[in-house]
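Here the structure is laid out as structure tokens; the discussion comes afterwards.
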Amino acid sequence: MSLLAVMSISAQANVHGTNIHFYVCNGGPTGGGGHSGGNGAGHPRGPILMPEASIDGYTLYIEGDHPAYELYLVDTTGEEPDVVYQITVPANVNVVYLPATFTGTFELQLYDGGEYYFYSEIEL
């Protein structure tokens with residue numbers, strides 16, 4: 001049985017562009033390769049450290065110290081979600097340039113390899 005927990009927390013980054021409002025979900029992301037996620041109880045073992053991020057055009061700013069993330073851009077307009085872009089963002093790298101060839105609405109997913117992933121809808 002798979003448990004699904006979703007929480008909504010706003011990022012407080014206000015340095016660059018538009019703040020990104022993240023949701024958190026237990027389990028692996030769409031592009032995560034089958035991670036089952038969760039600790040069996042559906043509750044975090046400790047505080048969840050939400051990423052603070054903003055976007056300005058095709059530039060994503062991740063504020064402060066953070067772990068390495070797998071970043072996925074997911075096209076959700078079709079019948080099935082489609083990962084159209086994936087990159088590893090090393091720990092504490094604060095600026096990520098997204099491909100300018102993408103236009104439209106995408107789901108941005110950040111996954112740190114743990115029990116939860118963070119996602120938000122963005123417009124490019």
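The values are calculated or read from the model by the stated rules, or taken from the named source; none is laboratory data. As the structure is a computational prediction, the values presented were derived from the model and not from experiment. So basically every Cβ, Gly included, is an ideal-geometry build from the backbone, and we count neighbours across all protein chains shown. Heads up: the accessible areas ignore ligands, DNA and RNA and are worked out on the full protein's heavy atoms, side chains in. Shrake-Rupley method; radii C 1.70, N 1.55, O 1.52, S 1.80 Å.
Below, the figures for the structure above:
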{"read-out": "Cut-off 11 Å between beta-carbons: net charge of the residues surrounding N92, Lys and Arg +1, Asp and Glu -1", "value": "-2"}
{"read-out": "Phi to ³J(HN,Hα) by Karplus 6.51 cos²θ - 1.76 cosθ + 1.60 over the range 75-88, Hz, x for Gly, Pro", "value": "7, 9, 7, x, 5, 10, x, 10, 6, 9, 7, 9, 8, 8"}
{"read-out": "Local electrostatic count at H66 - Lys and Arg +1, Asp and Glu -1, tallied over other residues with Cβ under 10 Å", "value": "-4"}
{"read-out": "Fraction of accessible area attributable to carbon and sulfur, the range 61-108 (%, probe 1.4 Å)", "value": "50 percent"}
